[in-house]
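Engineer: The structure under discussion is supplied below as structure tokens; questions concerning it will follow.
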Amino acid sequence: MKRFDYARPADLGSAIATLAAAGDGTRLVAGGTTLFDLMKLDVETPGRLVDINGLAELRGIDTGGDELRLGALVRMADAAEDTRLKADFPLLSEALWKAASQQLRNMASLGGNLLQRTRCAYFRHGEPFACNKRNPGSGCAAIDGANRSHAFFGGSDACVAAYPGDFAIALIAMDAVIDVEGAKGRRSLAIADLHRQPGARPHQDANLSPDEIIVQIRIPANSVGRASTYHKVRDRESYAFAVVSTAAAVRIEDGVVADVRIALGGVATVPWRARSAEQALIGRRLDAETAAEAGRIAFEGAAPLNHNSFKIELGANVVRDALIIAAGRA
Amino acid sequence: MTTDRQDDVNSDISGLSRRDVLKGGTALGVLAVTGIDSHALAQIGNPSLPAAFRTEIEVSFRVNGDRSSLALDPRSSLLDVLRDQLGLTGAKKGCDHGQCGACTVHVDGRRVASCMTLAVQIDDLDITTIEGLSEGDDLHPMQQAFIDHDALQCGYCTPGQIMAGVACVREEHAGSPQQIREYMSGNLCRCGAYPGIVAAIADAARAMEG
């Protein structure tokens, strides 16, 4: 591993000043479960690390009000056990506890989890494989390579790496907002605007500048979260990344769908909201037939690669099942 | 429409160019070095001073109740410090990437993958390893249960399994065999001793709670 220098600022202001002063080759570290892993692989080679675990103001968790607020340094395991999340937003709790292992969830921060980097094997395992995300301009070995786990939504000629996280899939379904703070002050952005599709610049995962820190995640209180699920299909029953996952939430009024949210994981370069599938359900009864139709619509427009076309049928079934599970919790 | 994401996620962030960021960074760096007063920094919008970067970090912590103070290269993992500097070889290095659970220890009572823990992050914290689990010759109920249920074959994953199992019970995630399997899924056993491991944890849970 490349040698690096280490700083541990005591508060948010100092952390931003540290980042702004440090310049290129500096990375934030919280739980370290992604960054330290990639540093051991020499995929991440920062010269300086800024450890933000001392920032007590990022550790708050307030789920009692009209807006749920989760500090960026709250650990995944702690958020997963929050009673309000479990009762009123089961998709959020499930997305957390169905990710990683309890050891890693005890370590990993929510902010860091949102920024988890792709599991694309060509990205992780380095030379001799080309990877525009790891080494801009080198090409993409996945497009014609082993691409079973890659994205068929949101890719480009330069990159088809799938976004690997679960929590962001549930958050995008709930229209969550991310507060970030940097040298130019604080701003808020929709979770849908946090992650970047690769386009011609796959190396830039997120719409954040180098001096910005995710401060908190805000989830608007709503009544659609209660009948919800995060349905995650994996190659083994636990402790694996999604082959396909669906965050689904539904509110039924007078026997028909009044509000519905569908988001997909494992198949896109960014957290993917299936809005046309949602639209197809509004005002209709939710049953096996309409849920299956929504599942088919959710995967229209997919551009499958050599090894992942099976996920179109699988994914449609996962969406259907997620909707039925969610509706069963109403 | 079938592409469900028409918003332009590739737009540049908040009008802030890389050049602006670099210029801002340089300015702050110069201010910090020359010690210009806090008004100048406040005008940039941030009254706080940067923290110092170091190549060697003094860390003080307790392992199984014994205090240790070490000057660490920040690249050190907690696992390597335990095994190579403190001689505690109970926690095992399986994958060294947080995927197998063989390195599981407790930090302030919570189970973590010690291979993925930067050792500089355990300053002032309490570490418990498999060596600290028994009370002298009296085995912890989880250790005894692993023996009773023959919950191992080669034994390489066992220290991690036991430390994870103890935490699993304390977290109240050992309520059923199904829940034990879910919350122990981060500990792999290449020998396939899983039925014994699940039975041992269920048994130990009764002993620990009783």
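Engineer: Report yes if some residue within the stretch A:55-76 is within 13 Å of another protein chain (Cβ to nearest Cβ), more than 30 Å from A:ARG251 (Cα to Cα) and surrounded by fewer than 19 Cβ atoms within 10 Å (Cβ to Cβ); otherwise report no.
Structural biologist: Taking every residue of the stretch A:55-76 in turn, at least one turns out to be within 13 Å of another protein chain (Cβ to nearest Cβ), more than 30 Å from A:ARG251 (Cα to Cα) and surrounded by fewer than 19 Cβ atoms within 10 Å (Cβ to Cβ).
Engineer: Follow-up. Looking at the stretch B:76-94 only, could you name the residues that are of a type outside the set (Gly, Ala, Ser) and either facing chain A (nearest Cβ under 8 Å) or farther than 23 Å from B:GLU171 by Cβ (or both)?
Structural biologist: B:ASP80, B:VAL81, B:ARG83, B:ASP84, B:GLN85, B:LEU86, B:LEU88, B:THR89, B:LYS93
Engineer: Restrict the check to the stretch A:174-183 and report whether at least one residue is over 28 Å from A:GLY71 (Cα atoms) and not assigned by TED's automatic domain parsing to the domain that holds A:ILE262.
Structural biologist: The answer is no, given that none of the residues of the stretch A:174-183 is over 28 Å from A:GLY71 (Cα atoms) and not assigned by TED's automatic domain parsing to the domain that holds A:ILE262.
Engineer: Give me the residue from the stretch A:1-19 that is open to solvent by 10 Å² or more (accessible area, probe 1.4 Å) and of a type in the set (Gly, Ala, Ser) and, out of that set, farthest from the other protein chains (Cβ to nearest Cβ).
Structural biologist: A:ALA10
Engineer: Counting only residues that are hydroxyl-bearing (Ser, Thr, Tyr) and open to solvent by less than 40 Å² (accessible area, probe 1.4 Å), how many does the stretch A:32-54 have?
Structural biologist: Final tally of qualifying residues: 2.
Engineer: Could you pull out the residue among A:ALA280, A:ALA302 that is open to solvent by less than 60 Å² (accessible area, probe 1.4 Å), touching a residue at least 12 places away in the same chain (Cβ under 8 Å) and part of a loop (DSSP other than H, G, I, E, B)?
Structural biologist: Answer to the check: A:ALA302.
Engineer: Sticking with this structure for a sec: Please find, among A:ILE324, A:ILE217, the residue that is of a type in the set (A, V, I, L, M, F, W, C) and free of Cβ contacts under 8 Å to residues at least 60 places away in the same chain.
Structural biologist: Residue meeting the stated conditions: A:ILE324.
Engineer: A further question on this structure: Regarding the stretch B:149-171, can at least one residue be identified that is at positive phi and away from every other protein chain (no Cβ under 14 Å)?
Structural biologist: The answer is yes, given that some residue of the stretch B:149-171 is at positive phi and away from every other protein chain (no Cβ under 14 Å).
Engineer: If you check every pair at least six apart or on different chains, which have Cβ atoms under 8 Å apart with a residue in the stretch A:16-27 that is within 19 Å of A:MET39 (Cα to Cα) first and a residue that is of a type in the set (Phe, Trp, Tyr) second?
Structural biologist: Sorted first by the residue in the stretch A:16-27, then by its partner, the pairs are A:ALA22/B:PHE53.
Engineer: Just to confirm my filter: which strands (runs of 3 or more DSSP E) fall fully inside the stretch A:146-227 and include at least 3 residues that are within 13 Å of chain B (Cβ to nearest Cβ)?
Structural biologist: Where strands (runs of 3 or more DSSP E) fall fully within the stretch A:146-227 and carry at least 3 residues being within 13 Å of chain B (Cβ to nearest Cβ), they are A:177-182, A:185-190.
Engineer: Here's something else I'd like to know. Only residues that are within 19 Å of B:VAL169 (Cα to Cα), part of a helix (DSSP H, G or I) and either open to solvent by less than 20 Å² (accessible area, probe 1.4 Å) or without any contact (Cβ under 8 Å) to a residue 12 or more places away in the chain (or both): list them for the stretch A:100-110, please.
Structural biologist: Within the stretch A:100-110, A:GLN102, A:GLN103, A:ARG105, A:ASN106, A:MET107 qualify.
To keep it simple, each residue is scored yes or no on (1) under 16 Å from A:ASN317 (Cα atoms); (2) of a type in the set (A, V, I, L, M); (3) in contact with a Leu (Cβ under 8 Å, 6 or more places away or on another chain); (4) surrounded by 24 or more Cβ atoms within 10 Å (Cβ to Cβ).
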{"position": "A:ARG218", "(1), (2), (3), (4)": "no, no, yes, no"}
{"position": "A:ARG234", "(1), (2), (3), (4)": "yes, no, no, no"}
{"position": "A:ALA240", "(1), (2), (3), (4)": "no, yes, no, no"}
{"position": "A:ALA268", "(1), (2), (3), (4)": "no, yes, no, yes"}
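Engineer: Here's something else I'd like to know. Of all residues being part of a helix (DSSP H, G or I) and facing chain B (nearest Cβ under 8 Å) in the stretch A:24-38, which is farthest from A:LEU73 (Cα to Cα)? Just the residue, please.
Structural biologist: In this case the residue turns out to be A:ASP37.
Engineer: If you don't mind, there's one more thing I want to ask. What is the number of the single condition among (1) open to solvent by less than 10 Å² (accessible area, probe 1.4 Å); (2) on the phi > 0 side of the Ramachandran plot; (3) of a type outside the set (Asp, Glu) that B:VAL120 does not meet?
Structural biologist: Failing condition for B:VAL120: (2).
Engineer: Another question, then. Assess whether A:MET107 counts as being in contact with a Gly (Cβ under 9 Å, 6 or more places away or on another chain) and under 30 Å from A:ALA17 (Cβ atoms).
Structural biologist: Yes.
Engineer: Among (1) touching an Asp or Glu at 6+ places or on another chain (Cβ under 9 Å); (2) open to solvent by 30 Å² or more (accessible area, probe 1.4 Å); (3) over 30 Å from A:ARG59 (Cα atoms), which single condition is A:HIS125 missing?
Structural biologist: The single condition A:HIS125 does not satisfy is (1).
Engineer: Regarding the stretch A:172-180, can at least one residue be identified that is of a type outside the set (A, V, I, L, M), within 15 Å of the chain's Cα centre (by Cα) and open to solvent by 10 Å² or more (accessible area, probe 1.4 Å)?
Structural biologist: Yes - at least one qualifying residue is present in the stretch A:172-180.
Engineer: Collect the residues in the stretch A:80-99 that are buried (at least 24 other Cβ atoms within 10 Å of the Cβ) and closer than 14 Å to B:ARG110 by Cβ, keeping them in residue-number order.
Structural biologist: Result: no residue meets the conditions.
Engineer: Within the stretch B:161-170, identify whether any single residue is open to solvent by 20 Å² or more (accessible area, probe 1.4 Å) and not assigned by TED's automatic domain parsing to the domain that holds B:VAL81, and answer yes or no.
Structural biologist: yes
The values are calculated or read from the model by the stated rules, or taken from the named source; none is laboratory data. Keep in mind that what you see is a predicted model, and the values were worked out from it rather than measured. All Cβ positions, even for glycine, are placed from backbone atoms using ideal geometry, and neighbour counts span all protein chains on display. Each accessible area value is taken on the protein alone, full model and side chains, heavy atoms only, with ligands, DNA and RNA left out. Shrake-Rupley method; radii C 1.70, N 1.55, O 1.52, S 1.80 Å.
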